[in-house]
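Encoded as structure tokens, the structure appears first; notes follow it.
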Amino acid sequence: MSLPSADEVRHWLRAAAPDPASLPDEGYEALLGADGAELGELCQLADSLRRRAVGDTLTYVVNRNLDPPAVAGVGPEARERLAALVTEAAGLGATEICMQGPVPAGSDDDYLNLIAAVKAAAPGIHLHAFRPPELLDGAARRGLSLEKFLDGARDAGLGSVPGTAARILDDDVRARMLGRPDLPVAEWTGVIEAAHRAGLTSTSTMVFGHVETPAHQVAHLRALAGIQARTGGFTEFIAMPFVPAAAAITAPALAGADLPGPDWRQTRAVHAVARLMLHGRIDNIQAAWPKFGLDAAAGLLRAGANDLGGLLLDGRLAPEAGVETGLVLTREDVERVAAGLGRPLRQRTTRYGEVPPSD
């Protein structure tokens, strides 16, 4: 795909400077093609907007991933193991447990009981769990409306939901990624908005660098901005690259295709344009270090991002219980990144609040 001319990009950079969230689609599409000096200027503009929106502080959360198939089960042994994992995470300083993925169909457990078990083990920990398809699955298993299921999940202790499974919010692109119909965009949007109405915040995400076009990326970001205008429930935006090695799971129809994933130019441009388009709507933009690597994430923190995401503690009891086992940051890692950027550092809660002092 050919890139726009430098003159065209400079035109839209001048237009974006006074009002970055007001460009037409063609303007953002051109900026997504920025390269060279113009890409540097785009990143500088996004970085200045980051400073205006959230200041200079680099934020991160201390969390632990648990894979539902690895921890589900209502028997005493399974529940004791889950409680031990949650308690260990809290003892290591985690303020969040994250769970993504379905409860296995043959399990004797279910979503609401699993939520309650996590919260019983550590009442003060925030549970960030279950994507839109899993929320629909949980409601169907209980024979409840989505709204009643979400109320039950919130009352059981669920604090927020991952805004993943968004991929690209275009039904044709989603079908091309899976090789079959995906959860329709209208239904994905409806589930997220229902979660927000139930008092559950969520992340917002985009998977980029595969068969989508800049026009798809712009439409996706506009859709997220529209949801935020209606509900105010998004806490952050996370751009995640298409990873060919993981395509068999994330986009099976693209597995083996000649798609290398996004390059560094595109990755910087996507983060910077997201900062422009979401300005005044979604303040926090995360540099997804598990997807890009820590050094690249530090570069994205100069291109509009302000958050590093989670440390992803493994713990010692059962490190294999998380889907991203081995991808762990230390406090020293994030301190090094903050020092390199010359920015202060702050541990945050899932909703970007202050972490209470430990006893």
How much of the DSSP beta bridge set in segment 201-359 is antiparallel, as a percent to the nearest 5? 10
Please work out the Cα center distance from segment 260-283 to segment 135-159, rounded to the nearest Å. 33
How far apart, in nm, are two points set 7 Å out from the Cα along the Cα-to-Cβ line at D25 and at R141? 3.9
With the contact rule set at Cα under 8 Å and sequence spacing of 6 or more, what percent relative contact order holds for the chain? 24
Modelling each spin label as a point 7 Å along the Cα-to-Cβ direction, I'd like the S48/A215 distance in nm, to one decimal. 3.2
Volume of the Cα convex hull of segment 159-242, divided per residue and given in Å³: 81
Which value results when the Cα radius of gyration for segment 61-190 is divided by 2.2 N^0.38 Å? 1.10
Label points 7 Å out from Cα along the Cβ direction at R336 and A229: separation in nm? 4.4
Global form of segment 191-300, assessed from the alpha-carbon gyration tensor, a/c cut-off 1.5: prolate
Once every Cα of segment 113-218 carries one equal point scatterer and solvent is ignored, give the base-10 log of I(q)/I(0) from the Debye formula at q = 0.25 Å⁻¹, two decimals. -1.32
Could you give the accessible area per residue of the chain, probe 1.4 Å, as a whole number in Å²? 41
Against the longest alpha carbon principal axis of the chain, how many degrees, from 0 to 90 and to the nearest 10, is the axis of helix 331-341 turned? 10
Along the positive direction of the dipole of the chain (beta-carbon charges: Lys, Arg +1; Asp, Glu -1; about the Cα centre), which of A248, G106, L39 reaches farthest? L39
Would you mind giving the three semi-axes, in whole Å and largest first, of the ellipsoid equivalent to segment 257-314 according to its Cα gyration tensor? 19, 17, 10
Measuring from its Cα centre, segment 100-247 shows a charge dipole (+1 at each Lys and Arg Cβ, -1 at each Asp and Glu Cβ) which, in debye to the nearest 20, is 160
Can you pull the percent of segment 107-167's accessible area that's carbon plus sulfur, 1.4 Å probe, other chains left in place? 50
Angle check, please: helix 185-197 long axis (alpha carbons) against the longest principal axis of the chain (alpha carbons), in degrees 0 to 90, nearest 10. 60
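The values are calculated or read from the model by the stated rules, or taken from the named source; none is laboratory data. All values reported here derive from a predicted model rather than from experimental measurement. Glycine gets a Cβ as well: all are built from the backbone with ideal geometry, and neighbour counts include every protein chain shown. What goes into the accessible areas is simple: the full protein's heavy atoms, side chains included, and nothing from ligands, DNA or RNA. Shrake-Rupley method; radii C 1.70, N 1.55, O 1.52, S 1.80 Å.
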